[in-house]
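Colleague: Here it is, the structure in full.
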Amino acid sequence: QVRLAESGGGLVQAGGSLRLSCAASASTFRINDMGWYRQAPGKQRELVATITRGGNMNYADSVKGRFTISRDNAKNTVYLQMNSLNPEDTAVYYCNAQQIIGTYWGQGTQVTVSS
């Protein structure tokens, strides 16, 4: 079982930046892909960005050029640097981690962008 602890959400004005962090607890099994998803009110959860253990990244079209995902394998931590935020980015952001034995989710962190 892996526990994910997210931090870094908050309230920011449009055009501003935030950095999310997600630390995974120690585990017997290696953590493979990690990523960030978000869910806005009344909408389904959607992919924001993912990163493989080797550093290959994938982004949703809506965040390309504005968000950057990175990870520190030694710390089992994934980050999401979010720049040029706009009100459409307002959502609860969830961290995701995958192992060979299962997939895990964080509790979510609220990001609110005011216009």
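The values are calculated or read from the model by the stated rules, or taken from the named source; none is laboratory data. Just so you know, these numbers come straight off a predicted model, no measurement behind them. Positions of Cβ are generated from backbone atoms using ideal geometry, with glycine treated the same way; all protein chains shown enter the neighbour counts. The accessibility values were calculated without ligands, DNA or RNA, using every heavy atom of the protein model including side chains. Shrake-Rupley method; radii C 1.70, N 1.55, O 1.52, S 1.80 Å.
Colleague: Using the heavy atoms of the protein chains and a 1.4 angstrom probe, tell me the accessible area per residue for the chain in square angstrom.
Modeller: Working: 6060 Å² over 115 residues.
Each residue of the chain exposes 53 Å² on average to a 1.4 Å probe.
Colleague: With θ taken as phi - 60° and the coefficients 6.51, -1.76 and 1.60, list the Karplus ³J(HN,Hα) couplings across segment 89-97 in order, rounded to whole Hz; mark glycine and proline as x.
Modeller: Running phi through 6.51 cos²θ - 1.76 cosθ + 1.60 with θ = phi - 60° gives 7, 4, 4, 8, 9, 10, 8, 9, 9 Hz.
Colleague: Got a sec to turn the phi values of segment 19-24 into Karplus ³J(HN,Hα) couplings, 6.51 cos²θ - 1.76 cosθ + 1.60 with θ = phi - 60°, whole Hz, x for Gly and Pro?
Modeller: 10, 9, 10, 9, 9, 9
Colleague: Bin all alpha-carbon pair distances of segment 40-115 at 5 Å intervals from 0 and give each bin's fraction as a whole percent.
Modeller: Reading the bins upward from 0: 3, 13, 24, 27, 19, 10, 4, 1, 0.
Colleague: Using θ = phi - 60° and the Karplus form 6.51 cos²θ - 1.76 cosθ + 1.60, what ³J(HN,Hα) does each residue of segment 106-115 get, whole Hz, x for Gly and Pro?
Modeller: Taking θ as phi minus 60°, the curve returns x, 7, x, 9, 7, 10, 10, 10, 8, 8 Hz for segment 106-115.
Colleague: Further, regarding this structure: Contact order normalised by length for the chain, with contacts defined as Cα pairs under 8 Å and 6 or more residues apart; what percent is it?
Modeller: Once divided by the residue count of the chain, the mean separation gives 37 percent.
Colleague: Taking all protein chains as present, what is the carbon and sulfur share of the accessible area of segment 1-92, in % to the nearest whole number, probe 1.4 Å?
Modeller: Accessible surface attributable to carbon and sulfur in segment 1-92 totals 46 percent.
Colleague: Say the dipole of the chain comes from +1 at the beta carbon of Lys and Arg and -1 at that of Asp and Glu; which of 87, 23, 9 then lies farthest toward its positive end?
Modeller: Of 87, 23, 9, it is 23.
Colleague: Enumerate the amide H contacts of residue 99 below 5 Å, restricted to partners 5 or more residues apart or on another chain; note that Pro and chain-start residues carry no placed amide H.
Modeller: Those qualifying (amide H under 5 Å, at least 5 residues apart or on another chain) are 32, 104.
Colleague: Here is a follow-up. Roughly how big is the chain's charge dipole about its Cα centre, with Cβ charges of +1 (Lys, Arg) and -1 (Asp, Glu), in debye to the nearest 20?
Modeller: 220
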